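Notes follow once the structure below has been shown.
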Amino acid sequence: MDMQLMQDIVNAYGPSGREQTASDVIRGYIAPYCDELYNDVLGNLIAVKKGTSGKKIMFSAHMDQIGLIVLDIDDKGFLYVAPVGGVSPLLSVAHEVMFQNKTRGVVSYENKHKKLTEISMMEVFIDIGAATREEAEEKVQIGDMAVFVSNFVYMGKRVAHRTQDDRIACAIVAEAMKTMKSDHDIYAVFTVQEEVGTRGAGPAAYVIEPDLNISLDVCSVGDTPESVREHVKLGCGPTVKAKDNSVIVPMSVRTFIKNAAKKHEINVQDEVLRAGGTDTGAIQRTRGGILSGCISIPCRYIHTPVETVDMDDVDAAVKLVLACAEEKELP
Amino acid sequence: MLERLKVLSELYGVSGDERRVRKYIREQVEPMCDEVYTDNMGNLYAHKKGNGKRVMVCAHMDEVGMIVTGILDNGLLAFSAAGLDSRAIISKRVAVGKDDVPGVIGSKAIHLQSEAERKTVLLMKDLNVDIGAKDKEDALKYVKPGDYISFTTKFSDFGEGLFKGKALDDRVGCAILIELLKDTYECDFTAVFTVMEEIGLRGAQAAVYNVKPEVALAIEGTLCNELPENPRRKSVTKLNEGAVISFMDGGSLVPESMLNAIKDTAIQHNIPWQFRQGTSGSNDMGPVHIGLAGCKTGVISVPCRYIHSPVSVASKSDFENVYRLAKAFLRDGRFNEV
């Protein structure tokens, strides 16, 4: 993995529905490696690398991230917010946020009536250092979105960042595009609005009509102390999804991915995700049905400020994407 | 437009049983359009052919209500409801079935309630509709399971510049959409009066397939929780403060280009407007913006106090301003900017 590429893609601003900055960063990295590159009507970034077989494989990763949207600005310049995607009020408080125009702020809450553990998003606000509504409105408008600021935490092979979900997968697809070899047309699709209900992927797949889609996302793990029981562990390879709340992956697709992994001696794990859905399902139900599967990057602490992945899994996922693309026979 | 709203508000049209509303709208719009048609779900399409972008504007015909699920031996009707708060429907007058059989939703008189009962919320399953039948056999002469149940609230003026009535969500949208059809626009324009919005945005899923819009707009009646006095983020909108412009709700995020186009239209034409300062609730634009290849959508609404109840309240000026804003957006060809 090109670490600069990973850092730039993971750090880019891009809450659901406002992904343009993230899209531009990804575009910069993959432009030299594709024949066509465009944003569709919803903002999905679509990169095409032509093949000769007449078949189409789509690799999709969502580029949106969770965030906060400004609902109201009070007389003293505090910004009240609603969540964009699955944001925990508890995990928002005491964190730094950033708006598209780089305005910084910190998150806190109304502490008169409730303890921190009891709050809802209604009591959460952003302080951008403004003293009045007018001063705040010079920097931020109602309807603007903020994302959580995060630094990379390098812990040997393991790396934490608030936005591993799902920019690490965007970085994997972007990295794979550099050396992608395939007989088939390759569509690398960086989707929008996954975090608010897997909205972007379906329309992208509708237009592309792939013969096979493979989504890349993160999945939760069961290898931390006293965690919810999950089969997947960090550092044991990317996973081949069997099921999540949005999809049951057809056996033919799972076998296809596993066979490709075996040929290239890539370790993979089976994944049954307990909670949450992914673009995989939205794509499966497009048009008359599309063969759709998912490779996941095991990730600790999803939707918290310290989403942690193992770089061995990340590198293996890049290889697995390349291995799938090289397969001549599609499921 | 207000006269038409009165008629629309008083028509019975619970989700899945929109035929009365559809019939009325059809009569109104037929002289103004190139073609008027329905689909298998019951959506009504009013098409004004033109060159340029395919633009679709939606308002939903259905309202919240109830359906008869069974008839008890004593002649009372059991029912189920969607989108209604059981606390809001007790002691209300209703009309049942295609013959509009009058009924009331009864409950135990306060004298007979224990201390505990007074503090307990009655659920739908605890409530029945009384149509005055002697017993089950008698009731079956007038109604049957599957019949729709609708509130009978009359529409009227209210206070200064306000009106009250049932089903303002979304008959305000229907009335505005009919009015919009009087004009011509530089696009291929389809007004869609959708069905079954209140039970899961169902009609719009077929509409997007049939119209294949490039740009779509919903005209809605929306939340206005300003009584008692609430901070703006809890009231969502305020009465008399103008047309409501959405940036995000539970079903869709309005793209920046669309948000700016709508906002700029309001500013340019001096039309009072306000943001919808809440993100809960959804509308037909949810399925529309991600139907087929996707399209650009926006939502303009009339604030309505007490929606999803037997009676709601809205303002004439807001109603007028939503119409003006939607019309200006279309007349100015703003759909070409998004």
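Rule-based calculations on the coordinates, nothing more; no lab input. Just so we're clear, the structure is a prediction, and the values are computed from it rather than from any experiment. Here the Cβ positions follow ideal geometry from the backbone for every residue, glycine too, while neighbour counts run over all protein chains shown.
Of note:
- For A:Phe59, residues with placed amide H under 5 Å, excluding near neighbours: A:Tyr187, A:Ala188, A:Val189, A:Ile214
- Residue among B:Ser91, B:Phe79, B:Val121 farthest towards the positive dipole end of the range B:76-146, charges placed on Cβ: B:Val121
- Helical content of the protein assembly as shown, expressed as a calculated mean residue ellipticity at 222 nm, amounts to -7500 deg cm²/dmol (DSSP H runs of 4 or more residues, -39,500 (n - 2.57) each, divided by residue number, nearest 500).
- Alpha-carbon Rg with Dmax, taken over chain A, Å: 20.0, 66
- Kirkwood Rh and Cα Rg combined as Rg/Rh, the protein assembly as shown: 1.00
- Each residue of the range A:314-331 was assigned a 3J(HN,Hα) from its phi angle through the Karplus expression (A = 6.51, B = -1.76, C = 1.60, θ = phi - 60°), giving 5, 5, 5, 5, 4, 4, 5, 4, 4, 5, 5, 5, 6, 4, 7, 9, 8, x Hz with x at Gly and Pro.
- Orientation-averaged projection of the range B:219-296 equals 5.4 nm² [convex hull of Cα atoms, one quarter of hull surface area].
- Reciprocal of mean inverse Cα separation for the range A:73-201 (Kirkwood radius, Å): 17.3 Å
- Against the empirical 2.2 N^0.38 Å (N residues), the range B:76-146 has a Cα radius of gyration ratio of 1.19.
- Prolate/oblate/rounded call for the range A:151-305, Cα gyration tensor, a/c under 1.5 rounded: rounded
- Residues within the reach of a label modelled at B:Lys136 (point 7 angstrom out along Cα to beta-carbon, backbone nitrogen below 20 Å), restricted to the range B:50-79, are B:67-79.
- For residues of B:283-290, the mean tally of beta carbons on other chains within 10 Å: 2
- The mean count of C-beta atoms from other chains within 10 Å of the C-beta of residues in B:276-282, rounded to a whole number, is 3.
- Whole-Hz ³J(HN,Hα) from phi, Karplus 6.51 cos²θ - 1.76 cosθ + 1.60, for the range B:101-117, glycine and proline x: 4, x, x, 10, 9, x, 8, 5, 4, 4, 4, 8, 7, 6, 3, 5, 4
- Of B:Lys6/B:Lys212; A:Lys50/A:Lys258; B:Lys53/B:Lys263, those spanning more than 23 Å from alpha-carbon to alpha-carbon: B:Lys6/B:Lys212; A:Lys50/A:Lys258
- On Cα atoms only, tilt of A:20-30 relative to the major axis of chain A in degrees: 30 degrees
- For the range B:70-119 versus the range A:223-245, the gap between their alpha-carbon centres in whole angstrom: 50 Å
- Label zone of A:Asn111 (point 7 Å out along Cα→Cβ, amide N under 18 Å): in the range A:65-82 this covers A:78-79.
- Percentage, to the nearest whole number, of Cα pairs in the range B:1-73 over 19 Å apart: 46 percent
- Annotated for the range B:76-146: lysine pairs at least 8 residues apart or interchain, Cα distance under 14 Å, count 5.
- Here the label points at A:Thr304 and B:Glu160, each 7 Å from Cα along the C-beta direction, are separated by 5.6 nm in the simple model.
- If you look at the Cα atoms of the range B:251-338, you get an Rg and a Dmax of 13.9, 40 Å.
- Point-charge dipole on Cβ atoms (K/R +1, D/E -1) for the protein assembly as shown, about Cα centre, debye to 20: 760 debye
- Axis of helix B:256-268 versus longest Cα principal axis of chain B: the two differ by about 80°, to the nearest ten degrees.
- Sorting B:Arg305, A:Arg133 by the number of Cβ atoms found within 10 Å of their own Cβ, with the fewest placed first, yields A:Arg133, B:Arg305.
- Dimensions (Å) - the range A:136-186, Cα atoms, principal axes, largest first: 54, 34, 14
- Neighbourhood net charge (11 Å Cβ-Cβ; Lys/Arg +1, Asp/Glu -1) for A:Pro15: -3
- Cβ-based exposure ranking for B:Phe151, B:Phe189, A:Phe256, B:Phe158, in which fewest neighbours within 10 Å come first: B:Phe158, A:Phe256, B:Phe151, B:Phe189
- Where N is the number of residues in the range B:58-196, Cα Rg divided by 2.2 N^0.38 Å: 1.32
- Amide H contacts under 5 Å for A:Ser53, placed H, 5+ residues apart: A:His184, A:Asp185
- Fewest-first ranking of A:Asp40, A:Asp165, B:Asp284, A:Asp2, using other Cβ atoms within 10 Å as the exposure measure: A:Asp2, A:Asp40, A:Asp165, B:Asp284
- Residue among B:His308, B:His269, B:His47 with the largest mean-square fluctuation in a Gaussian network model of chain B, springs linking Cα atoms under 10 Å: B:His269
- Principal-axis analysis of the Cα atoms of chain B puts helix B:19-29 at an angle of about 30° to the longest axis.
- Peptide B:229-235 shows a mean partner chain C-beta count of 4 within 10 Å per residue C-beta.
- Residues considered: A:Arg199, A:Arg300, A:Arg158. Largest GNM mean-square fluctuation over chain A, using C-alpha springs under 10 Å, is found at A:Arg158.
- Counted over the protein assembly as shown, the DSSP beta bridges are approximately 65% antiparallel.
- Top of B:Gly83, B:Gly16, B:Gly161 by mean-square fluctuation, Gaussian network on chain B, Cα under 10 Å: B:Gly161
- Distance between the modelled labels on B:Asn260 and B:Lys125, one decimal in nanometres: 5.3 nm (7 Å Cα→Cβ projection).
- Taken one residue at a time, the phi angles of the range A:160-172 give Karplus couplings (6.51, -1.76, 1.60, θ = phi - 60°) of 9, 6, 5, 10, 4, 7, 10, 5, 4, 6, 4, 5, 5 Hz. Gly and Pro are set to x.
- Inter-centroid distance (Cα atoms) of the range B:263-288 relative to the range B:22-52, Å: 25 Å
- Building the convex hull from the alpha-carbon atoms of chain B and averaging its projection over directions returns 17.8 nm².
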